[in-house]
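Accompanying notes for the structure given below.
Please treat every number below as a calculation from the coordinates, not as lab data. Only a predicted model underlies this, so the values are computations on that prediction, with no experimental measurement involved. As a convention, Cβ positions derive from the backbone with ideal geometry for all residues, glycine included, and neighbour counts pool all protein chains shown.
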Protein chains: 2
Amino acid sequence: MIAVTPKPPYYAVIFTSVRTVVDDGYADMAKQMEELAKQQPGFIGFESAREEIGITVSYWKDQTAIANWKNQMDHVLARKMGREKWYQSFKIRIALVERGYDFEK
Amino acid sequence: MIAVTPKPPYYAVIFTSVRTVVDDGYADMAKQMEELAKQQPGFIGFESAREEIGITVSYWKDQTAIANWKNQMDHVLARKMGREKWYQSFKIRIALVERGYDFEK
């Protein structure tokens, strides 16, 4: 679903990735990390889709919340496994959301 | 593909959408708009994936480039058709990319 986010400013972490062919627990870990992220202080929302590439955008209150999530122990382990097994390549961009608008039919 | 982007700062436009069931020229128009965006001054790159929701992130040199693209005539028409036919709902977020890092296996 489209994430419900507050009036800007807030932060977006844009994670774009290309997977390897290795599955080996990927879906379980992705789900687990999504649940864990939701419990972090400063977490706002989450959007994800994958075709040729995967795009996951998570939204956070501020840079401190992002730094804390980056250093969260289980997430550090998951990221290590990601680099070793699941991702061929990825790019992470940290961005300050300045403006936003919605359309609803 | 993962977009090749320069050293920050630059801008990201995060477009998250839910489609209607109406097809009626959508794929053609999406492709046409992607090609047109690439020709705009200040365009940097483009990433897109769709599952339950669609996420398209386009990258731009600055806010002026984004404003010009928003007002480009063919794009104005495409956006109108999008609201009338193709999108049930969408959210657009304009964000300043402050940091980025890459991983390559």
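List of remarks:
- Ascending distances from the residue A:83 label point to its copies in the other chains, with the point 7 Å along the Cα-to-beta-carbon line: 4.6 nm.
- Only helices enter the 222 nm calculation for chain A: every DSSP H run of n ≥ 4 contributes -39,500 (n - 2.57), and dividing by all residues gives -9000 deg cm²/dmol, rounded to 500.
- When each of B:77, A:36 is scored by the number of other beta-carbon atoms lying within 10 Å, the sequence from fewest to most is B:77, A:36.
- Per residue, the convex hull volume that the Cα atoms of the range B:10-97 enclose (Å³): 86 Å³
- Note on the protein assembly as shown: Cα Rg divided by 2.2 N^0.38 Å, N the number of residues, gives 1.01.
- Label spacing, shortest first and in nm, from residue A:41 to its equivalents in the remaining copies (7 angstrom along Cα→Cβ): 4.7
- Among the listed pairs A:80/B:91; A:7/B:7; A:7/B:70, those beyond 23 Å (Cα-Cα): A:80/B:91; A:7/B:7
- Copy-to-copy label distances for residue B:99, where each label lies 7 Å from Cα along Cα-to-Cβ, are 2.7 nm in order of increasing length.
- Gained length - residue B:35 relative to residue B:50, 0.36 nm times residue gap less alpha-carbon distance: 3.6 nm
- With a Förster radius of 41 Å applied to the C-beta separation of residue A:101 and residue A:77, the computed FRET efficiency comes to 0.60.
- Neighbour net charge for residue B:11 - beta-carbon separation under 15 angstrom, K R +1, D E -1: +3
- Relative contact order of chain B, defined on C-alpha pairs under 8 angstrom at six or more residues apart (%): 47 percent
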